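K.L.:
Here it is, the structure in full.
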Amino acid sequence: MKSYRYVGPDEVLVRVQGQAGGAAIVDHDALRNWLHSLGVVRGSITCTYVIDEAGLLRLADRHSEHVACSGGRPVQSAGEMTLRWAGDAVELDAVSNLSTGYCPEVESWPAVAAALARAAIEPPATWTAAYEFRRCTACGERNVIKDAWYVCEVCDADLPEAWNFDQRAG
Ligand SMILES: [Zn+2]
């Protein structure tokens, strides 16, 4: 699996250093326990996730930075997911690769599907929402591409057609 290094601001990385990473979801019990620890015993919750370098799903409160959830480490993917109680089990309602801290490629889906399966969550066929990221080569801004509009939201420069966060670890 490809891994992605953190590409966000250094000050965020500094702030999260030494913090515990997100909860490691090694199995379905770990998922249930994590939701209970947040007081989420019914309904649904949207949270921040990463797939760590070992392929493990890690979850954190949705207001957490992805780089805090990862403990500052590279990831195989990252984004947001919505989980929902279905009786005594937990099901997945939505999952995206929306992480401006890591800007993971859409192609990182297999890492997410494998981590979900390991946690005994039925993975959907693919993302429920997928995003393309580009770094502006003129000003350095990280852009989320909307409506296939490849223009920097800060400086109006054209953005490259190919994913260009070429900072893969390993
Ligand atoms: Zn720009």
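K.L.:
If I filter segment 97-109 for residues that are of a type in the set (Asp, Glu), away from the ligand (no atom under 16 Å from the Cβ) and under 22 Å from Ser3 (Cβ atoms), do I get at least one hit? Please lay out each step first, then the result.
P.N.:
Here is the first cut: in segment 97-109, the ones of a type in the set (Asp, Glu) are 105, 107.
In the following step, the residues that additionally are away from the ligand (no atom under 16 Å from the Cβ) were identified as 105, 107.
Subsequent filtering for residues that are under 22 Å from Ser3 (Cβ atoms) retains 105, 107.
Yes, segment 97-109 has at least one match.
K.L.:
Here is a further query. Would you confirm, using the coordinates I've provided, whether Asp29 is among the charged types (D, E, K, R) and without any contact (Cβ under 8 Å) to a residue 12 or more places away in the chain? Explain how you work it out, then say what you get.
P.N.:
Working: among the charged types (D, E, K, R): yes; without any contact (Cβ under 8 Å) to a residue 12 or more places away in the chain: yes.
Yes; evaluated as a whole, the condition is true for this residue.
K.L.:
Write out, first by first residue and then by second, each pair whose Cβ atoms fall under 6 Å of each other, whose residues are 6+ apart or on separate chains, and whose first residue, in segment 146-167, is surrounded by 14 or more Cβ atoms within 10 Å (Cβ to Cβ) while the second is of a type in the set (Asp, Glu) and in a loop (DSSP other than H, G, I, E, B).
P.N.:
Cys152/Glu141; Trp163/Glu105
K.L.:
Taking the conditions exactly as written (part of a loop (DSSP other than H, G, I, E, B) and more than 16 Å from the ligand (Cβ to nearest atom)), does Ala114 satisfy them or not? Full working, then the answer.
P.N.:
Numbers: part of a loop (DSSP other than H, G, I, E, B): no; more than 16 Å from the ligand (Cβ to nearest atom): yes.
It is false that Ala114 is part of a loop (DSSP other than H, G, I, E, B) and more than 16 Å from the ligand (Cβ to nearest atom).
Residues are listed down the side, and each one gets a yes or a no for (1) touching an Asp or Glu at 6+ places or on another chain (Cβ under 9 Å); (2) surrounded by 19 or more Cβ atoms within 10 Å (Cβ to Cβ):
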residue	(1), (2)
Thr48	yes, yes
Arg62	yes, no
Ala89	no, no
Asn97	yes, yes
Tyr102	no, yes
Val106	yes, no
Pro110	no, no
Ala117	no, no
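K.L.:
Does Ala30 satisfy being of a type in the set (Gly, Ala, Ser), outside any loop (DSSP other than H, G, I, E, B) and under 9 Å from the mean Cα position of the chain (by Cα)?
P.N.:
Details: of a type in the set (Gly, Ala, Ser): yes; outside any loop (DSSP other than H, G, I, E, B): yes; under 9 Å from the mean Cα position of the chain (by Cα): no.
So Ala30 fails the test.
K.L.:
In this structure, is Glu122 surrounded by fewer than 21 Cβ atoms within 10 Å (Cβ to Cβ) and part of a strand (DSSP E or B)?
P.N.:
On the way: surrounded by fewer than 21 Cβ atoms within 10 Å (Cβ to Cβ): yes; part of a strand (DSSP E or B): no.
So Glu122 does not fit the description; no.
K.L.:
Here's a follow-up. Between a residue in segment 1-18 that is within 21 Å of Gln76 (Cβ to Cβ) and any residue that is in a loop (DSSP other than H, G, I, E, B) and charged (D, E, K, R), which pairs come within a Cβ distance under 7 Å, given they are 6 or more apart or on different chains?
P.N.:
Lys2/Arg168; Ser3/Glu53; Ser3/Arg168; Tyr4/Arg168; Arg5/Arg168; Val12/Glu65; Val16/Glu65
K.L.:
Are any of the residues in segment 100-107 closer than 16 Å to Tyr131 by Cα, of a type in the set (Asp, Glu) and either part of a helix (DSSP H, G or I) or under 11 Å from the mean Cα position of the chain (by Cα) (or both)? Lay out the reasoning, then the answer.
P.N.:
First, the residues of segment 100-107 that are closer than 16 Å to Tyr131 by Cα: 100-107.
Going one step further and asking which of them are of a type in the set (Asp, Glu), we end up with 105, 107.
Now drop any that are not either part of a helix (DSSP H, G or I) or under 11 Å from the mean Cα position of the chain (by Cα) (or both), which leaves 105, 107.
Within segment 100-107, one or more residues are closer than 16 Å to Tyr131 by Cα, of a type in the set (Asp, Glu) and either part of a helix (DSSP H, G or I) or under 11 Å from the mean Cα position of the chain (by Cα) (or both).
K.L.:
Working only within segment 134-152, note down all residues that are among the acidic types (Asp, Glu) and more than 8 Å from the ligand (Cβ to nearest atom).
P.N.:
So in segment 134-152, the residues among the acidic types (Asp, Glu) come out as 141, 147.
Correct list: Asp147 only.
Per-residue answers, yes or no, for (1) away from the ligand (no atom under 13 Å from the Cβ); (2) closer than 30 Å to Ala86 by Cα; (3) out of contact with any Ser or Thr (no Cβ under 6 Å at 6 or more places or on another chain); (4) modelled with pLDDT of 95 or more:
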position	(1), (2), (3), (4)
Ala129	yes, yes, no, yes
Glu132	yes, no, yes, yes
Val154	no, no, yes, yes
Asp158	no, no, yes, yes
Ala162	yes, no, yes, no
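K.L.:
Moving on to the next point. Looking for whichever is of a type outside the set (Ser, Thr, Tyr) and either farther than 20 Å from Trp85 by Cβ or surrounded by fewer than 17 Cβ atoms within 10 Å (Cβ to Cβ) (or both) here; the options are Leu13, Leu35, Leu31. Which one fits? Give the derivation first.
P.N.:
On the way: Leu35 fails: either farther than 20 Å from Trp85 by Cβ or surrounded by fewer than 17 Cβ atoms within 10 Å (Cβ to Cβ) (or both); Leu31 fails: either farther than 20 Å from Trp85 by Cβ or surrounded by fewer than 17 Cβ atoms within 10 Å (Cβ to Cβ) (or both).
Criteria check complete, one pass: Leu13.
The values are calculated or read from the model by the stated rules, or taken from the named source; none is laboratory data. Worth saying up front: this structure is predicted, and the values here are computed from it rather than measured. Cβ sites come from the backbone with ideal geometry, for glycine too, and all protein chains shown count toward neighbours.
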